[in-house]
Amino acid sequence: MEIPEGFCIPDIKYEYLDHTADVQLHAWGESLKEAFEQCAMAMFGYITEIDYVEIKESQTVEAEGEDLQSLLFHFLDEFLFLFSAEPNFIPRVIRITEFNQEEFKIKAVGYGEEFVIGKHPQGADVKAITYSNMQIHPTKDGGHEVFVIIDI
């Protein structure tokens with residue numbers, strides 16, 4: 001596996017907010033791209049303690065939508081599918097390599113490994129991404145924040 005030049009594990013820019021029967025992810029970044037990346041990493045941080053995930057391989061996903069919300073939904077759903085199906089891939093870092101905000105298309109690479117019970121502590125089982133109360137907002141400093149409710 002080739003790791004891109006200048007690659008580093010980013011600071012955590014997400015939190016978990018209480019929500020009835022589900023979990024709301026709140027992620028932010030200096031750009032919309034970073035906020036999307038952080039939201040996906042927040043989802044995996046809820047599934048396991050992400051510090052236990054080693055960077056051993058990479059997986060690429062592509063997603064598209066009709067608007068930014070559906071793009072965010074499909075982006076997260078593609079990564080959730082990678083986790084739910086063989087080889088049960090769990091990324092520690094997610095980098096969006098192509099982000100077309102006009103045509104609502106994303107290509108992203110996840111860096112991590114296969115999820116292994118015993119090695120990776122089990123958190124909540126994420127069943128699905130939802131559109132319920134999904135929000136994408138620009139911030140005063142030029143960044144963005146996103147809110148996504150996941151069904152657990």
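The values are calculated or read from the model by the stated rules, or taken from the named source; none is laboratory data. If you're wondering where the values come from, they're calculated on a predicted model, not measured in any experiment. So basically every Cβ, Gly included, is an ideal-geometry build from the backbone, and we count neighbours across all protein chains shown. Accessible surface is based on the protein model in full, side chains and every heavy atom, while ligands, DNA and RNA are left aside. Shrake-Rupley method; radii C 1.70, N 1.55, O 1.52, S 1.80 Å.
Sorted by mean Cβ packing within 10 Å, highest first, what order do the peptides 66-72, 110-116 take?
Ranked by mean Cβ neighbours within 10 Å, highest first: 110-116, 66-72.
If I take the Cα coordinates of region 15-151 and project them onto the principal axes, what are the three extents in Å, biggest first?
Result for region 15-151: principal-axis Cα extents of 42, 34, 26 Å.
With a probe of 1.4 Å, find how much accessible area the chain has per residue, and write the answer as a whole number in Å².
About 52 Å² of surface per residue is accessible.
Which value results when the Cα radius of gyration for region 1-75 is divided by 2.2 N^0.38 Å?
Relative to the 2.2 N^0.38 Å estimate, region 1-75 comes out at 1.21.
Mind checking which lysines have their C-alpha under 26 Å from K105, skipping anything on the same chain fewer than 8 residues away?
Excluding near neighbours in sequence, the set is K13, K33, K127, K140.
Among the aspartates and glutamates, select those whose C-alpha is under 18 Å from the C-alpha of K56, and discard any that sit fewer than 8 residues away in the same chain.
E2, E5, E86, E113, E114
Per the helix-only calculation at 222 nm, which mean residue ellipticity applies to the chain, given -39500 (n - 2.57) for every DSSP H run of n ≥ 4 and division by its residues, nearest 500 deg cm²/dmol?
-7000 deg cm²/dmol
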